[in-house]
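The values are calculated or read from the model by the stated rules, or taken from the named source; none is laboratory data. A quick note: this is a predicted structure, and the numbers were derived from the prediction, not measured. Using ideal geometry, Cβ is built from the backbone for each residue, glycine included, and neighbour counts are taken over all protein chains shown. Protein only, heavy atoms only, side chains kept; ligands, DNA and RNA dropped before computing areas. Shrake-Rupley method; radii C 1.70, N 1.55, O 1.52, S 1.80 Å.
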Amino acid sequence: MKFNLISNKITEIDVDTIILSIFMSDDTTNGLIHDIDLALNGSISEILSRGDHKGKLREVTEIYTNGQIPADRVILVGLGPEKDFNENSIRHAAAAAAIRARQLGARKIASIIHGVEKSQLSANDTVRASTEGTILSLYVFEKYKSENKFDSVESMSFIENKDIESDYLLSGIEQGKIISNAVQLARDLVNEPPNVCTPAFLAEQAMQIDDDANTNVSILTEPEIEDLNMGAFLSVGRGSTRKPRFIVIEYNKKLLDKVQPLVLVGKAITFDTGGYSLKSASGMSTMKADMAGGAAVIGALQAASKLKVPYPVIGLIPATENMVSGTASHPSDVVSASNGKTIEIVNTDAEGRLILADALVYAAQYNPKHVIDLATLTGSAVIALGEGSAAALFTNETSLAEQLLTSSESSGERIWRMPLYPEYTDWMKASNVADLRNSTNKSDTGIGTSAAFLQEFTEGYSWAHIDIAPMAFLSGGSVIKRLGPAGATGFGVRLLSHLMIEYAN
Ligand code: BES
Ligand code: MN
Ligand code: ZN
């Protein structure tokens, strides 16, 4: 899909569909709304005055133009109340309009930039949000379907407002495209079936973002991972014939001597059966998405390089499969992580923390400014917050929490801070045979104890853990409005991209 800026008059714009977003309080006395309304003989003021369109967020109404202007139709879309207006209102309005436009067979869309004059938002951020909402909502994963359900929209033109400098608009479009394309990459990886998306496949896909210039990708295979003594990580893959990979993506590596990097760690279990602590059929049904943290980190690293983030960013992705076989871990096995700590595997289904433990130890060699890990770590996160509601944030660094919560606000990807009480650590240390156990087998403490376990491997740096289990893969039924179809959401890519833009290190 192509995006561009145009400055033609409404009566001259050569597209099939014009999108006009309006607040609940809008009338047609001023601006481009006024121009369109005049050209359409007052149809818009009539709809608004009759209350047929109320301007509620995501409300859409189409108006046919009867040849009064070149466009075939105008889609009115609600932005909601002006007082609640933010980047996310724009994303959702753009999404609702784009979906309606596609349903109506639109190919070329033009959209009026609206809201800038009424809020604190910059022109850059307004257009970025609109671009994000449009691209993300039109996402489809149809590569395994013989027939495609949707024809794609070819282009979106933003209609320039004379008061705004076009440089800001162009940079907003560019950022929106970069972020959304990175989200699409993550979604594609998560939606791939687990017979295709193996650790080796994930590594090959990560290699695609190696550009020889600023981004270097290296792939460690089992013998190299063994040399690093990553006994916790390796134990998880022992039951599978598909060998593990440790994916290392380094962006702006050349600055590492001078600038501390942001290190991102992503859990990538390409399928989680639970191992001998086997999941139920329904519990296993979405477990191809257990690599969503890794996919988000790959997406975020692609975005980092395209956004030209001025500091180094490192992505670490332990990728493996949790299967059952004669060589798989037993419950009661004891393994040792690369920092020498021993772990009793009480439950083979608590495998995410085992692979993250070794990746978090590996992260320390970069002398990181911050380490942020993303993982579909616990079912209890889904129970605590609800599917589609928010991801769970754990950190002891209040300033890092504040930064992440700010980026959460601007990106529209919700996170909710949870406590890291010292008792959680005591629970995880209460093994009779090893330094730590990977589970207490008490389901009521599942989320906090998982974070406390990870904390044991985060020495010497500022760290945040984000449990994305509630957000990574959504079924169709959720009442919470999504930007995109059911299935993979690419959660985390937008949050991290906005963090990298807003936070100058
Ligand atoms: N990948 C799962 C967590 C998960 C569950 C993600 C549902 C998304 C939706 C993880 O590996 C797991 O199985 N966790 C266990 C841990 C328990 C055994 C301590 C869980 O949460 O049940
Ligand atoms: Mn598991
Ligand atoms: Zn898992």
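Mind checking whether some residue in the stretch 210-221 is touching a residue at least 40 places away in the same chain (Cβ under 8 Å), over 30 Å from THR342 (Cα atoms) and open to solvent by 40 Å² or more (accessible area, probe 1.4 Å)?
yes
Examine the stretch 56-72 for a residue that is open to solvent by less than 20 Å² (accessible area, probe 1.4 Å) and in a helix (DSSP H, G or I), and state whether such a residue exists.
Taking every residue of the stretch 56-72 in turn, none turns out to be open to solvent by less than 20 Å² (accessible area, probe 1.4 Å) and in a helix (DSSP H, G or I).
Would you say ALA268 is small (Gly, Ala, Ser), in the same structural domain as THR489 (by TED's automatic domain parsing) and either under 20 Å from the mean Cα position of the chain (by Cα) or more than 24 Å from ILE468 (Cα to Cα) (or both)?
Yes: the conditions hold for ALA268.
Within the stretch 294-315, does at least one residue satisfy the condition of being within 16 Å of ligand 3 (Cβ to nearest atom), in a helix (DSSP H, G or I), over 22 Å from ASP210 (Cα atoms) and at pLDDT 95 or above?
no
With THR449, THR398 as the choices, which residue is open to solvent by less than 10 Å² (accessible area, probe 1.4 Å), more than 22 Å from the chain's Cα centre (by Cα) and free of Cβ contacts under 8 Å to residues at least 60 places away in the same chain?
Step by step, each of THR449, THR398 is checked, and only THR449 is open to solvent by less than 10 Å² (accessible area, probe 1.4 Å), more than 22 Å from the chain's Cα centre (by Cα) and free of Cβ contacts under 8 Å to residues at least 60 places away in the same chain.
Rundown of residues vs (1) under 29 Å from THR270 (Cβ atoms); (2) open to solvent by 30 Å² or more (accessible area, probe 1.4 Å), yes/no style:
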| site | (1), (2) |
| --- | --- |
| THR131 | no, no |
| THR134 | no, no |
| LEU138 | yes, no |
| TYR144 | yes, yes |
| ASN161 | no, yes |
| ASP167 | no, yes |
| GLY172 | no, no |
| ARG187 | yes, no |
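Inside the stretch 49-64, can you point out the residues that are within 21 Å of THR29 (Cβ to Cβ) and out of contact with any Gly (no Cβ under 8 Å at 6 or more places or on another chain)?
Within the stretch 49-64, SER49, ARG50, GLY51, ASP52, THR61, ILE63 qualify.
Give just the number: which of (1) in a loop (DSSP other than H, G, I, E, B); (2) within 16 Å of ligand 1 (Cβ to nearest atom) does LYS288 not satisfy?
For LYS288, the exception is condition (1).
Quick one: ILE345 ticks every box in (1) of a type in the set (Val, Ile, Thr); (2) under 23 Å from ALA281 (Cα atoms); (3) open to solvent by 10 Å² or more (accessible area, probe 1.4 Å) except a single one, so which number is it?
The failed condition is (3).
What's the total number of residues in the stretch 282-327 that are out of contact with any strand residue (DSSP E or B) (no Cβ under 9 Å at 6 or more places or on another chain), open to solvent by 10 Å² or more (accessible area, probe 1.4 Å) and either under 19 Å from GLU502 (Cβ atoms) or of a type in the set (Val, Ile, Thr) (or both)?
The qualifying residues number 6.
Which of the residues belonging to the stretch 437-459 are part of a loop (DSSP other than H, G, I, E, B) and modelled with pLDDT under 95?
Of everything in the stretch 437-459, those that are part of a loop (DSSP other than H, G, I, E, B) and modelled with pLDDT under 95 turn out to be THR440, ASN441, LYS442.
Tell me whether the stretch 248-265 contains one or more residues that are in a strand (DSSP E or B) and either in contact with a Cys (Cβ under 8 Å, 6 or more places away or on another chain) or within 16 Å of ligand 3 (Cβ to nearest atom) (or both).
Among the residues of the stretch 248-265, at least one is in a strand (DSSP E or B) and either in contact with a Cys (Cβ under 8 Å, 6 or more places away or on another chain) or within 16 Å of ligand 3 (Cβ to nearest atom) (or both), which makes the answer yes.
Residues in the stretch 353-391 that are crowded, with 24+ Cβ neighbours inside 10 Å, over 28 Å from LEU256 (Cβ atoms) and more than 16 Å from ligand 2 (Cβ to nearest atom): how many?
Looking only at that region, the number is 1.
Which one of VAL259, VAL248 is more than 16 Å from ligand 2 (Cβ to nearest atom), aliphatic (A, V, I, L, M) and open to solvent by 10 Å² or more (accessible area, probe 1.4 Å)?
None of the other options fit; the residue is VAL259.
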